[in-house]
Amino acid sequence: MVPTPDSALRELVARFDPTIPVERASTPPSAWYTDPAVFELERRAVLGRAWQPVARLAELAGPGAYQSGCIVGEPWLLLRGDDDALRAFSNTCRHKGREVLQGAGTAEALVCGYHAWTYDLRGRLRSAPRMAGIQGFDRTALSLPTLPVEAWGPWAWINASTDAAPLRPRVAALDGLLTAREWERLRFHSRTSWTLACNWKVYVDNYLDGGYHVPHMHPSLDAQIDMSTYRTELHGEFSVQTVASAAAGPSARTQVDPGERIGPGAIYAWIYPNVMLNRYGPCLDSNHVIPLGPERCRVDYEFYFVDDGQGSEAARRFVESSIEQAVITQREDESICESVQVGLRSRHYDTGRYAPRVEHGEHHFHRLLATDLRRAVGLPLPDPAPT
């Protein structure tokens, strides 16, 4: 696809008006899900300014413990300092840009493997070998750039934008909901990833449709929850879908006991733009949607349980069965999302309409997204801003 010129990109962004209420609104144009220029704009203006959970705090327990990675083109390094502080850096050596550290481990100093430039655990340059004779070399100006970092839940979160607003005020109400469900009791069990042939927003849209697709596409999940109690609540930069109770009685459509797995109900929380937390029964699943390109994304799953299955045989069976059900749902979602992506490329499809009583969470997402994209291309912002 030919890259979109700036003027055409502005026109494309302008085609979704976030001030139109959900009852009259159309969805964003299909090019938002296929155009490389839109993806690059999102990478800079949305994903590059969003808080991302990049490591579990348990992986950063001692001085010098570090994790590294790359999200939407931004390499990051996260570590526990010798003063027990959590710090995050842009993981690019100030000499030639190589990643200073790769993978995970424990280090007493941060030594770039390319030319052995060395930084301490606070990111300060301590050694630059064979630089004799250089002029105007200010060692103090060559510290690793710091990134905002916060601890919330079981994760360390970072933001690639140095002027990012704090995370915790944004999720304070959600923290209250999860704390009331005692999410601090949960213990990490395992993680897995899926790569999907779809735009990252297709996956988010599917998650936020208010349970609209559940009876049609998720027979096992539909048999576990009481869909008559499904509700969506919108907040500033997150939304919460809830189910008040498990489905009554056993069903031939599922192999698990709904009362045991769903328990007193479920919380399906989405944090703008690409993080989902699913709290139900004695379980928590986290879904982190990683954009890989205009039409590819990866979904990283982590599974947490009150009893991680290391004790009794019954607990082990429950954990295995619960993860199996999550995998079934994910595979069904994968099929849905990849099929949607095929349809979005059709010359006969451009925009759709929302089902107002259920898809207002999806509309909320698109309003937040449109606000960020409009700001980035210099278009007027909605008044009032999305809430």
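Which pairs do you get when a residue that is without any contact (Cβ under 8 Å) to a residue 60 or more places away in the chain, found in the range 319-333, comes within reach of a residue that is of a type in the set (Gly, Ala, Ser) and buried (at least 19 other Cβ atoms within 10 Å of the Cβ), reach meaning Cβ atoms under 8 angstrom, with the pair 6+ apart or on two chains?
Partner pairs satisfying both residue conditions: Glu320/Gly309.
Does the range 180-202 contain at least one residue that is in contact with a His (Cβ under 7 Å, 6 or more places away or on another chain) and more than 21 Å from Ala58 (Cβ to Cβ)? Can you show your working first?
First, the residues of the range 180-202 that are in contact with a His (Cβ under 7 Å, 6 or more places away or on another chain): none.
Taking every residue of the range 180-202 in turn, none turns out to be in contact with a His (Cβ under 7 Å, 6 or more places away or on another chain) and more than 21 Å from Ala58 (Cβ to Cβ).
Going by the conditions given, is Leu277 out of contact with any Ser or Thr (no Cβ under 9 Å at 6 or more places or on another chain) and of a type in the set (A, V, I, L, M, F, W, C)? Don't jump to the end; show me each part of the working.
Numbers: out of contact with any Ser or Thr (no Cβ under 9 Å at 6 or more places or on another chain): no; of a type in the set (A, V, I, L, M, F, W, C): yes.
Spelling it out, it is not the case that Leu277 is out of contact with any Ser or Thr (no Cβ under 9 Å at 6 or more places or on another chain) and of a type in the set (A, V, I, L, M, F, W, C).
Let's see how each residue does on (1) closer than 21 Å to Asn199 by Cα; (2) modelled with pLDDT under 95; (3) assigned to a strand (DSSP E or B):
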site	(1), (2), (3)
Cys297	yes, no, yes
Asp307	no, yes, no
Ser321	no, yes, no
Ser339	yes, no, no
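Restricting attention to the range 181-212, and to residues there that are assigned to a strand (DSSP E or B) and of a type in the set (Lys, Arg), which single residue is nearest to Pro28 (Cα to Cα)?
Arg191
Restricting attention to the range 141-153, does a residue exist that is assigned by TED's automatic domain parsing to the domain that holds Cys297, assigned to a loop (DSSP other than H, G, I, E, B) and not acidic (Asp, Glu)?
Scanning the range 141-153, I find no residue that is assigned by TED's automatic domain parsing to the domain that holds Cys297, assigned to a loop (DSSP other than H, G, I, E, B) and not acidic (Asp, Glu), so the answer is no.
Among (1) assigned to a helix (DSSP H, G or I); (2) more than 30 Å from Arg191 (Cβ to Cβ); (3) of a type in the set (Phe, Trp, Tyr), there is one condition Phe16 misses while meeting the rest; what is its number?
All conditions are met except number (1).
Of the conditions (1) touching a Cys at 6+ places or on another chain (Cβ under 9 Å); (2) not in a loop (DSSP other than H, G, I, E, B), Gln67 fails just one. Which one is it?
All conditions are met except number (1).
Take the range 272-315 and flag every residue that is more than 10 Å from the chain's Cα centre (by Cα), among the aromatic types (Phe, Trp, Tyr) and closer than 17 Å to Ser239 by Cβ.
Once the filter is applied, which keeps residues that are more than 10 Å from the chain's Cα centre (by Cα), among the aromatic types (Phe, Trp, Tyr) and closer than 17 Å to Ser239 by Cβ, the range 272-315 yields only Tyr280.
Output the residue which, of all residues in the range 225-244 that are assigned to a strand (DSSP E or B) and among the aliphatic types (A, V, I, L, M), is farthest from Pro273 (Cα to Cα).
Ile225
Do we find a residue being among the acidic types (Asp, Glu) and over 26 Å from His366 (Cα atoms) anywhere in the range 184-192?
Yes; the residues of the range 184-192 include at least one that is among the acidic types (Asp, Glu) and over 26 Å from His366 (Cα atoms).
So which residues in the range 90-134 are touching a helix residue (DSSP H, G or I) at 6+ places or on another chain (Cβ under 8 Å) and farther than 27 Å from Gly48 by Cβ?
Ala128
Being crowded, with 16+ Cβ neighbours inside 10 Å and β-branched (Val, Ile, Thr) is the filter here; which residues of the range 17-67 pass it?
Result: Val22, Thr27, Thr34, Val38, Val46, Val54.
Might you check whether a residue that is among the aliphatic types (A, V, I, L, M), outside any loop (DSSP other than H, G, I, E, B) and farther than 25 Å from Ser30 by Cβ occurs anywhere in the range 245-255? First the steps, then the outcome.
Narrowing the range 245-255 to residues among the aliphatic types (A, V, I, L, M): 246-248, 252.
Still in the list and also outside any loop (DSSP other than H, G, I, E, B): 246.
Now restrict to residues that are farther than 25 Å from Ser30 by Cβ: 246.
Within the range 245-255, one or more residues are among the aliphatic types (A, V, I, L, M), outside any loop (DSSP other than H, G, I, E, B) and farther than 25 Å from Ser30 by Cβ.
Would the range 110-121 turn up any residue that is at positive phi, of a type in the set (Gly, Ala, Ser), modelled with pLDDT of 95 or more and surrounded by fewer than 17 Cβ atoms within 10 Å (Cβ to Cβ)?
Within the range 110-121 (the criterion being at positive phi, of a type in the set (Gly, Ala, Ser), modelled with pLDDT of 95 or more and surrounded by fewer than 17 Cβ atoms within 10 Å (Cβ to Cβ)), the answer is yes, since at least one residue qualifies.
Looking only at the range 80-114, which residues are closer than 16 Å to Asn159 by Cβ and not in a loop (DSSP other than H, G, I, E, B)?
If the condition is that a residue be closer than 16 Å to Asn159 by Cβ and not in a loop (DSSP other than H, G, I, E, B), then Leu86, Arg87, Ala88, Phe89, Ser90 are the ones that fit.
Within the range 68-86, which residues are buried (at least 21 other Cβ atoms within 10 Å of the Cβ) and more than 20 Å from the chain's Cα centre (by Cα)?
Taking the range 68-86 and keeping what is buried (at least 21 other Cβ atoms within 10 Å of the Cβ), we get 76-80.
Hits for the range 68-86 are Leu79, Arg80.
Can you run down the residue pairs with Cβ atoms below 9 Å, 6 or more apart or on separate chains, where the first is in the range 188-201 and touching a residue at least 12 places away in the same chain (Cβ under 8 Å) and among the hydrophobic types (A, V, I, L, M, F, W, C) and the partner is part of a loop (DSSP other than H, G, I, E, B) and surrounded by 13 or more Cβ atoms within 10 Å (Cβ to Cβ)?
Listed pairs, sorted by first residue: Phe188/Pro154; Phe188/Asp308; Ala197/Glu295; Cys198/Glu295; Trp200/Pro273; Trp200/Asn274.
Looking at Arg375, Arg357, Arg347, Arg353 in this structure, which one is under 25 Å from the mean Cα position of the chain (by Cα), basic (Lys, Arg) and either assigned by TED's automatic domain parsing to the domain that holds Phe39 or over 14 Å from Tyr272 (Cα atoms) (or both)?
Arg375
Looking at Val214, Val240, which is the one that is free of Cβ contacts under 8 Å to residues at least 40 places away in the same chain and either under 21 Å from Val299 (Cβ atoms) or in the same structural domain as Val299 (by TED's automatic domain parsing) (or both)?
Only one candidate qualifies: Val214.
Kindly indicate whether any position in the range 213-224 is assigned to a loop (DSSP other than H, G, I, E, B), within 22 Å of Pro28 (Cα to Cα) and aliphatic (A, V, I, L, M). Show your work before the answer.
Start the filter on the range 213-224 by keeping residues that are assigned to a loop (DSSP other than H, G, I, E, B), which leaves 213, 218, 223-224.
From the residues that got through so far, the ones that are within 22 Å of Pro28 (Cα to Cα) too are 213.
When the remaining residues are screened for being aliphatic (A, V, I, L, M), the result is none.
Within the range 213-224, none of the residues are assigned to a loop (DSSP other than H, G, I, E, B), within 22 Å of Pro28 (Cα to Cα) and aliphatic (A, V, I, L, M).
The values are calculated or read from the model by the stated rules, or taken from the named source; none is laboratory data. All values reported here derive from a predicted model rather than from experimental measurement. Glycine also receives a Cβ, built like all others from the backbone with ideal geometry; neighbour counts cover every protein chain displayed.
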